[in-house]
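This report refers to the structure that appears directly beneath it.
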Ligand SMILES: [Zn+2]
């Protein structure tokens, strides 16, 4: 089932998220729906706040960008209660976009390597290192769990440029082609 995407300006995207336990209601179904929503909307990652839940759950699948970024080959993961333990490597800039901020893509600088501890959908613990664009996708989604959006991380100059576009999304005028919930309650 496609879950409507909560758009920029909606307060859920700024909320504190909570860890979950294995008895979280209909968790398997929720995860399956998040993957479906991500694939249908051509995303490579989706965090729970983007579908209206303030919990520490995110899914990623970097396969669509693996031609350009080989480190994303086979990068399909469900991260529950993730914690980035270490940021490492050099600072790298790449263009990012976000399903919650349709029509805007901007260059964001992030560290090139991270170490993440998390549990998977079976609540098995993992500690894993990611590099390059794989590390970027995870950092972008992880930011959602912390109430941070990629547009918070662009340069002050670019922030000025995109301000009006962001205001439009907030008002519910958007190029989004998938079902969404906007701050103005103007939903599709
Ligand atoms: Zn995003």
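Percent antiparallel among DSSP beta bridges with both residues in the stretch 1-101, to the nearest 5? List each step's numbers first, then the result.
On the way: 8 of 9 bridges.
If I count the DSSP bridges inside the stretch 1-101, around 90 percent turn out antiparallel.
Pick from 43, 74, 132: which residue has the top mean-square fluctuation in a GNM of the chain where Cα pairs under 10 Å get a spring?
Sorting by GNM fluctuation, first place goes to 74.
What is the gain in length, in nm to one decimal, between residue 39 and residue 76 on full extension, counting 0.36 nm per residue of separation less the C-alpha to C-alpha distance?
Gain on stretching residue 39 to residue 76: 12.1 nm.
Any chance you could run the full-extension gain for residue 67 through residue 159? It's 0.36 nm times the residue separation minus the Cα-Cα distance, nm to one decimal. List each step's numbers first, then the result.
Numbers: separation 92, 0.36 × 92 = 33.12 nm, distance 3.04 nm.
Net length gain for the segment: 30.1 nm.
Find how much the distance from residue 177 to residue 148 grows on full extension, using 0.36 nm per residue of separation minus their present alpha carbon separation; answer in nm with one decimal.
In short, 8.1 nm is gained.
Between the stretch 1-32 and the stretch 100-162, how many Å separate their Cα centres?
17 Å
If you bin the C-alpha pair distances of the chain every 5 Å from 0, what whole percents do you get?
Percent of pairs per bin, in order: 1, 8, 17, 21, 22, 16, 10, 4, 1, 0.
Where does the Debye-calculated log10 I(q)/I(0) of the stretch 35-143 sit at q = 0.12, 0.14, 0.23 Å⁻¹, using only Cα point scatterers of equal weight, no solvent?
With no solvent term, the Cα-only Debye profile gives -0.38, -0.52, -1.51.
Just so you know, all these numbers are worked out from the coordinates, no wet-lab data involved. These numbers were taken from a predicted model, which means no experiment stands behind them.
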